[in-house]
Amino acid sequence: MEIRNLSKLSRNTVSLMKVSILTPNFSSNCLGRAYLLAQLISQFSEVEIVGPALAKDVWEPLSNQADIPFKVINWSSTAFIKKISSAVSGDVIYASKPLINSFGVALIIHQKTGIPVILDIDDWELGFVKDSANSVFKLPFYAFPHRFNGFQSISDVFLLEKTAQLLREEISITVSNSFLQKMFGGTIIWHTRDENVFNPKKYDPEESRRSFGIPEDKVVLMFFGTPRPHKGLEELIQAIYTTEELRNNQELTLVIGGIGKDLYSQKIAQLGKKLLGDKVIFIGHVPFEETPKAVVASDIYIIPQKKTYASFGQLPAKLFDAMAMARAIISTNVSDIPRILDGVGIVISSETLEKNLSEEILYLVENLDEARKLGTKARRRFVKLYGFNPMRKKLERILRTKT
């Protein structure tokens with residue numbers, strides 16, 4: 001394939017340009033990253049998100065958003081590329097993930113029209129494939145390479161990642177963490193949040209707890225996100241159950257948010273109810289605009305990532321939710337988490353995860369003043385290094401210049 005300066009942008013000012021972000025699937029949580037990039041770009045340029053909905057519906061947390069134009073394409077194996085190409089109206093294509101439904105389509109459109117392409121990589125897709133191959137609970141249908149969801153084979157994932165590596169000198173690449181930066185190059189655009197929206201001063205924790213059915217008088221431990229085997233939820237539940245001081249603490253509640261209808265979510269719900277009974281509260285998908293309200297209901301926010309192929313190249317977006325909302329955070333030494341939380345959170349080894357979780361949860365439960373101080377420090381660091389303002393400036397520079 002001839003490469004014609006894929007990263008070269010129009011000489012018009014960025015404010016006069018339109019960016020078309022290609023998402024591989026409107027129906028999954030990968031839409032969250034595309035939406036985040038669109039939010040950043042919307043502050044200085046017109047933007048839209050285009051792509052197929054492999055499960056027909058838009059991912060629930062963003063199904064009612066109205067600030068970014070969505071062009072949802074009804075997927076079919078024979079015509080979806082043509083449909084997506086026709087729907088793209090931007091001067092620049094920003095492909096979310098090195099997958100056929102996004103990056104593959106972007107390269108085809110570029111070859112026909114010369115429209116410049118930028119690629120964003122926020123996960124190591126081959127890592128998910130490797131984990132899925134070793135897991136009893138397979139990834140959801142839309143996430144695993146298969147001819148019915150827009151992939152032809154696992155080799156397609158490998159091919160597109162290698163294509164991205166080969167084109168790293170020809171195209172602009174953004175990534176979400178340092179692991180991916182070492183693998184693909186490019187500029188890190190963290191999973192940022194709008195510091196003005198994600199502001200704890202704008203939310204009442206007690207009112208938030210009432211709205212989500214969480215007791216107002218409890219010390220609330222919280223996990224929020226899409227349940228996956230590498231996210232340590234089983235170990236978190238076991239840590240509370242096996243630690244007598246936590247299990248018998250009547251002032252303590254565990255809230256697990258993001259529970260869906262998938263097999264693994266149901267496994268977690270069953271395990272939690274079996275071991276913890278009424279001490280655990282499950283919440284389904286929360287609209288994105290209500291995320292700050294949900295996070296502020298917690299006292300201690302737990303992100304117990306395990307070291308797996310998937311987590312090597314993944315940095316949880318929920319880490320920045322918690323930092324922005326000034327929550328005390330317990331997480332693990334996976335990906336960039338130690339660097340980000342150094343001095344403003346508690347980082348534990350993912351080895352002997354259950355034991356380490358027990359010790360640090362117990363410590364913060366018994367030292368809530370220290371927890372609040374950590375939350376304040378985390379918020380301060382977030383605003384300085386990871387908020388919308390610094391990330392917007394980096395992304396605007398990428399759109400203004402060629403690499």
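The values are calculated or read from the model by the stated rules, or taken from the named source; none is laboratory data. The structure presented is a predicted model; accordingly, all values stated were derived computationally and were not measured. Please note: Cβ atoms are built from the backbone with ideal geometry, for glycine as well, and neighbour counts cover all protein chains shown.
Looking at the structure I just gave you, is residue 328 of a type in the set (Gly, Ala, Ser), out of contact with any strand residue (DSSP E or B) (no Cβ under 9 Å at 6 or more places or on another chain) and closer than 25 Å to residue 36 by Cα? Criteria not met by residue 328. Of all residues in segment 206-238, those satisfying the criterion of being out of contact with any strand residue (DSSP E or B) (no Cβ under 9 Å at 6 or more places or on another chain) and assigned to a helix (DSSP H, G or I) are 206, 207, 208, 210, 211, 229, 230, 234, 235, 238. If you go through segment 306-325 and pick out every residue that is part of a loop (DSSP other than H, G, I, E, B) and either surrounded by fewer than 24 Cβ atoms within 10 Å (Cβ to Cβ) or not aliphatic (A, V, I, L, M) (or both), you end up with 6.
The residues listed here are 357, 364; of these, the one that is in a helix (DSSP H, G or I) and surrounded by 24 or more Cβ atoms within 10 Å (Cβ to Cβ) is 357. Summed over segment 230-252, residues that are at negative phi and touching a residue at least 60 places away in the same chain (Cβ under 8 Å) total 14. Hey, among 232, 186, which residue is of a type in the set (Gly, Ala, Ser), modelled with pLDDT under 95 and buried (at least 18 other Cβ atoms within 10 Å of the Cβ)? Being of a type in the set (Gly, Ala, Ser), modelled with pLDDT under 95 and buried (at least 18 other Cβ atoms within 10 Å of the Cβ) holds for just one of 232, 186, which is 186.
Residue by residue through segment 191-205, note down the ones that are outside any helix (DSSP H, G or I) and of a type in the set (D, E, K, R). Residues satisfying the conditions are 193, 194, 195, 204.
Residues of segment 371-397 that are in the same structural domain as residue 340 (by TED's automatic domain parsing) and touching a strand residue (DSSP E or B) at 6+ places or on another chain (Cβ under 8 Å): 371, 372, 374, 375, 378. Given the structure, is residue 60 within 18 Å of the chain's Cα centre (by Cα) and of a type in the set (Asp, Glu)? In short, yes. Quick check: anything in segment 332-349 in contact with a strand residue (DSSP E or B) (Cβ under 8 Å, 6 or more places away or on another chain), in a loop (DSSP other than H, G, I, E, B), surrounded by 23 or more Cβ atoms within 10 Å (Cβ to Cβ) and assigned by TED's automatic domain parsing to the domain that holds residue 244? Within segment 332-349, one or more residues are in contact with a strand residue (DSSP E or B) (Cβ under 8 Å, 6 or more places away or on another chain), in a loop (DSSP other than H, G, I, E, B), surrounded by 23 or more Cβ atoms within 10 Å (Cβ to Cβ) and assigned by TED's automatic domain parsing to the domain that holds residue 244.
Residue-by-condition table, conditions (1) surrounded by 22 or more Cβ atoms within 10 Å (Cβ to Cβ); (2) over 30 Å from residue 267 (Cα atoms):
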| position | (1), (2) |
| --- | --- |
| 171 | yes, yes |
| 181 | no, yes |
| 190 | yes, yes |
| 239 | yes, no |
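Answer yes if at least one residue in segment 368-376 is touching a residue at least 24 places away in the same chain (Cβ under 8 Å), in a loop (DSSP other than H, G, I, E, B) and more than 26 Å from residue 248 (Cβ to Cβ), and no otherwise. Within segment 368-376, not a single residue is touching a residue at least 24 places away in the same chain (Cβ under 8 Å), in a loop (DSSP other than H, G, I, E, B) and more than 26 Å from residue 248 (Cβ to Cβ). Check whether at least one residue in segment 19-37 is in contact (Cβ under 8 Å) with a residue 24 or more places away in the chain, more than 18 Å from the chain's Cα centre (by Cα) and surrounded by fewer than 16 Cβ atoms within 10 Å (Cβ to Cβ), and report yes or no. No.
Quick check, is residue 272 on the phi > 0 side of the Ramachandran plot and outside any loop (DSSP other than H, G, I, E, B)? For residue 272, the condition - on the phi > 0 side of the Ramachandran plot and outside any loop (DSSP other than H, G, I, E, B) - is not met.
When we screen 71, 56, 82 for residues that are among the basic types (Lys, Arg), in a loop (DSSP other than H, G, I, E, B), free of Cβ contacts under 8 Å to residues at least 40 places away in the same chain and not assigned by TED's automatic domain parsing to the domain that holds residue 262, the only hit is 56.
Could you run through segment 265-295 and say how many residues are under 21 Å from residue 205 (Cβ atoms), without any contact (Cβ under 8 Å) to a residue 60 or more places away in the chain and crowded, with 20+ Cβ neighbours inside 10 Å? So the answer is 2.
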